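**Student:** Once you've had a glance at the structure underneath, I'll fire off some questions.
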Amino acid sequence: MLTLYYTSGTCARASHITLEEAGADYETVRVNFATNDQNKPEFLAINPKGRVPALVTDRGILTETPAILLYIAQCFPDAGLAPVEDHFATAELQSINSYLCSTVHVFHAHRPRGSRWADDEASIDAMKKKVPENMLNAFQHIEKNMFKGPWVMGDTYTVADPYLFTLSCWLKGDGVNIDDLPTIAEHRERMLERPAVQKVLAVEEA
């Protein structure tokens, strides 16, 4: 059985949705950031980085969302969550997920976690003020240059979809009006219709 360590509302939601979509036999462990569980010895033994997601498998522990998503897709090929037989398409998928991980997530993190990059309060405030612009620009880039429709990769739903959905849920808090991003808004509504998404949201928001 797989075990996913997650925190509600974080990027771990993408892995949570993907496990559900795959029909995997899995269990979840919620890491409570409010009580600093991510920095307690019990969790640091799972992920020394002190972050979620972390996926415990029979071969070891995986961290970082793009790696976890592709692993799940490869373990459950019948679910069709990644074009694993097409090397170029798989690399294209990883390119999208890497952008979400290395650029979009980092843009967002400058608002709640600016202390990772600076100690000076003025610098942290300056980073926060830049977040709405950076997030809007990133999602406009996704709409124009990455999104094929009706799903991220085209006609087929892939692991890029729950990842994009998860990060798009941060837009309001980051000061971006999703109505200014019609493709992203439509994608979010399409995702909300999926039973796996509904189940995960019910669990995470309970």
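**Student:** Look at T65 and say whether it is under 14 Å from the mean Cα position of the chain (by Cα) and polar (S, T, N, Q).
**Tutor:** Against the criterion (under 14 Å from the mean Cα position of the chain (by Cα) and polar (S, T, N, Q)), T65 qualifies.
**Student:** Within the group H108, H16, which residue is under 14 Å from the mean Cα position of the chain (by Cα) and in the same structural domain as L136 (by TED's automatic domain parsing)?
**Tutor:** Step by step, each of H108, H16 is checked, and only H108 is under 14 Å from the mean Cα position of the chain (by Cα) and in the same structural domain as L136 (by TED's automatic domain parsing).
**Student:** Ok, one more. Within the stretch 179-197, how many residues turn out to be more than 21 Å from T65 (Cβ to Cβ), assigned to a helix (DSSP H, G or I) and not hydroxyl-bearing (S, T, Y)?
**Tutor:** Of the residues in that region, 7 qualify.
**Student:** Cβ contacts < 8 Å: first residue under 26 Å from C169 (Cβ atoms) and in contact (Cβ under 8 Å) with a residue 60 or more places away in the chain, restricted to the stretch 76-101; second residue surrounded by fewer than 18 Cβ atoms within 10 Å (Cβ to Cβ) and among the hydroxyl-bearing types (S, T, Y), any location; separation 6+ or different chain. Result?
**Tutor:** Between residues of the stretch 76-101 that are under 26 Å from C169 (Cβ atoms) and in contact (Cβ under 8 Å) with a residue 60 or more places away in the chain and residues that are surrounded by fewer than 18 Cβ atoms within 10 Å (Cβ to Cβ) and among the hydroxyl-bearing types (S, T, Y), the close pairs are G80/T156; A82/T90; P83/T90; P83/T156.
**Student:** Something else: Condition test on T28, is it within 14 Å of the chain's Cα centre (by Cα), β-branched (V, I, T) and outside the structural domain of S102 (by TED's automatic domain parsing)?
**Tutor:** It is false that T28 is within 14 Å of the chain's Cα centre (by Cα), β-branched (V, I, T) and outside the structural domain of S102 (by TED's automatic domain parsing).
**Student:** Could you say whether any residue in the stretch 170-177 is loosely packed, with under 15 Cβ neighbours inside 10 Å and either more than 18 Å from the chain's Cα centre (by Cα) or assigned by TED's automatic domain parsing to the domain that holds E21 (or both)?
**Tutor:** yes
**Student:** Right, next: Could you grab the pairs with beta carbons closer than 8 Å, sequence gap of 6+ or different chains, first residue in the stretch 126-138 and in contact (Cβ under 8 Å) with a residue 12 or more places away in the chain, second one of a type in the set (G, A, S) and assigned to a helix (DSSP H, G or I)?
**Tutor:** Hits for this filter: M127/G114; K128/G114.
**Student:** In contact with a Pro (Cβ under 8 Å, 6 or more places away or on another chain) and either small (G, A, S) or under 29 Å from R30 (Cα atoms) (or both) - does that describe any residue in the stretch 175-183?
**Tutor:** Checked the stretch 175-183: at least one residue is in contact with a Pro (Cβ under 8 Å, 6 or more places away or on another chain) and either small (G, A, S) or under 29 Å from R30 (Cα atoms) (or both).
Conditions (1) under 17 Å from P66 (Cβ atoms); (2) of a type in the set (G, A, S); (3) part of a helix (DSSP H, G or I), marked per residue:
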{"residue": "A118", "(1), (2), (3)": "no, yes, no"}
{"residue": "S123", "(1), (2), (3)": "no, yes, yes"}
{"residue": "N134", "(1), (2), (3)": "no, no, yes"}
{"residue": "H141", "(1), (2), (3)": "no, no, yes"}
{"residue": "K148", "(1), (2), (3)": "no, no, no"}
{"residue": "Y163", "(1), (2), (3)": "yes, no, yes"}
{"residue": "L167", "(1), (2), (3)": "yes, no, yes"}
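**Student:** Quick one: which residue in L93, L81, L171 is hydrophobic (A, V, I, L, M, F, W, C) and outside any loop (DSSP other than H, G, I, E, B)?
**Tutor:** When all the criteria are applied, what remains is L93.
Residues checked against (1) in contact with a Leu (Cβ under 7 Å, 6 or more places away or on another chain); (2) assigned to a helix (DSSP H, G or I); (3) of a type in the set (A, V, I, L, M, F, W, C); (4) under 21 Å from D155 (Cβ atoms):
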site: Q38; (1), (2), (3), (4): no, yes, no, no
site: F43; (1), (2), (3), (4): no, yes, yes, no
site: P48; (1), (2), (3), (4): no, no, no, no
site: V104; (1), (2), (3), (4): yes, yes, yes, no
site: P112; (1), (2), (3), (4): no, no, no, no
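**Student:** Another question about this same structure. Given (1) touching a Cys at 6+ places or on another chain (Cβ under 8 Å); (2) over 25 Å from H16 (Cβ atoms), identify the lone condition not met by R188.
**Tutor:** Here R188 clears every test but (2).
**Student:** I need the full set of residues from the stretch 50-59 which are assigned to a loop (DSSP other than H, G, I, E, B) and out of contact with any Ser or Thr (no Cβ under 8 Å at 6 or more places or on another chain), in order please.
**Tutor:** Passing the criteria: G50, D58, R59.
**Student:** Continuing with this model, one more query. Can you work out which of the residues in the stretch 12-36 that are modelled with pLDDT of 95 or more and of a type in the set (A, V, I, L, M) is farthest from T156 (Cα to Cα)?
**Tutor:** Looking at the filtered set, the residue picked out is V31.
The values are calculated or read from the model by the stated rules, or taken from the named source; none is laboratory data. Quick caveat, the model's predicted, so the values are computed rather than measured. For neighbour counting, all protein chains shown are included, and Cβ atoms are generated from backbone atoms with ideal geometry for every residue, glycine included.
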